[in-house]
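**Student:** A single structure is presented below for examination.
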Amino acid sequence: MNNNNIEKIVDTIFPERNFIYVGFWERLLALIIDESILIISCLVIYFALSSGQTYKNDVLFLFILACILVQWLYFAYFESSEMQATIGKQILKIKVTNIYGYRISFEKASSRLLGKIISSVFLFIGFFAVFFDNKKQAWHDKMTNTIVISAKLF
């Protein structure tokens, strides 16, 4: 049974679910806020690692590794937390859920982040899929059976 059939069954069983799906521009603004926080965090890490030294290969490698780790933990932790949203999403009152509206696991949030890489590969076309999907899902949302919804009603 594919995901479309499961969604149709869920829609039949739970017709009262009236999610407000979040579109591209709100999601982009949340991402800009989140990435601003992450850039500041990575700059702090860089200055802590470099201690005033110029670019050395080992410092640069540790810096890149630390920034990847921080980004992964940031998105996976916040999207799987009780808030179900990163700081940017919280400011905009939106959250990430599974297709039934429930909180996602840390593993699913991690998979969603990896899916964003795939969504980015071909000129970010996976993100633009939001414009053409009735549930405004990007490719990484479809891959992980997640949705981004307004938290204003909850």
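**Student:** Whether any residue in the range 136-145 is part of a helix (DSSP H, G or I), within 16 Å of Phe19 (Cβ to Cβ) and touching a residue at least 24 places away in the same chain (Cβ under 8 Å) is what I want to check.
**Tutor:** Yes.
**Student:** Then there's this: Looking at (1) exposed (fewer than 14 other Cβ atoms within 10 Å of the Cβ); (2) closer than 23 Å to Glu82 by Cβ; (3) not basic (Lys, Arg), can you tell me which one Ile118 breaks?
**Tutor:** Just one mismatch for Ile118, condition (2).
**Student:** Inspect all residues belonging to the range 50-58 and state whether any of them is surrounded by fewer than 18 Cβ atoms within 10 Å (Cβ to Cβ), assigned to a helix (DSSP H, G or I) and β-branched (Val, Ile, Thr).
**Tutor:** no
**Student:** Moving on. Could you list, in sequence order, the residues of the range 79-99 that are in a helix (DSSP H, G or I), buried (at least 19 other Cβ atoms within 10 Å of the Cβ) and over 11 Å from the mean Cα position of the chain (by Cα)?
**Tutor:** none
**Student:** Are any residues in the range 128-150 surrounded by 18 or more Cβ atoms within 10 Å (Cβ to Cβ) and closer than 15 Å to Lys89 by Cβ, and if so, which ones?
**Tutor:** Val130, Lys136, Ala138, His140, Asp141, Thr146, Ile147, Val148, Ile149
**Student:** Touching a residue at least 40 places away in the same chain (Cβ under 8 Å) and at positive phi: is that true of Gly88 in this structure?
**Tutor:** Considered against the rule, which asks whether it is touching a residue at least 40 places away in the same chain (Cβ under 8 Å) and at positive phi, Gly88 comes out as no.
**Student:** Name the pairs whose Cβ atoms lie under 9 Å apart, with the first residue in the range 109-124 and free of Cβ contacts under 8 Å to residues at least 12 places away in the same chain and farther than 19 Å from Leu73 by Cβ, the second buried (at least 19 other Cβ atoms within 10 Å of the Cβ) and hydroxyl-bearing (Ser, Thr, Tyr), and 6 or more positions between them or separate chains?
**Tutor:** The qualifying pairs do not exist here.
**Student:** Among the residues of the range 52-80, which ones are aromatic (Phe, Trp, Tyr) and modelled with pLDDT of 95 or more?
**Tutor:** Hits for the range 52-80 are Trp72, Tyr74, Phe75, Tyr77, Phe78.
**Student:** Then there's this: Based on what the data block shows, is Ala76 small (Gly, Ala, Ser), within 19 Å of Ile32 (Cα to Cα) and either part of a helix (DSSP H, G or I) or in contact with a helix residue (DSSP H, G or I) (Cβ under 8 Å, 6 or more places away or on another chain) (or both)?
**Tutor:** yes
**Student:** Which condition breaks for Tyr100 when tested against (1) modelled with pLDDT of 95 or more; (2) closer than 21 Å to Met143 by Cα?
**Tutor:** Tyr100 satisfies every listed condition except (1).
The values are calculated or read from the model by the stated rules, or taken from the named source; none is laboratory data. Fair warning: this is a prediction, and the values are worked out from it, not measured in the lab. Neighbour counts are summed over all protein chains in view; Cβ atoms, including those assigned to glycine, are modelled from backbone coordinates with ideal geometry.
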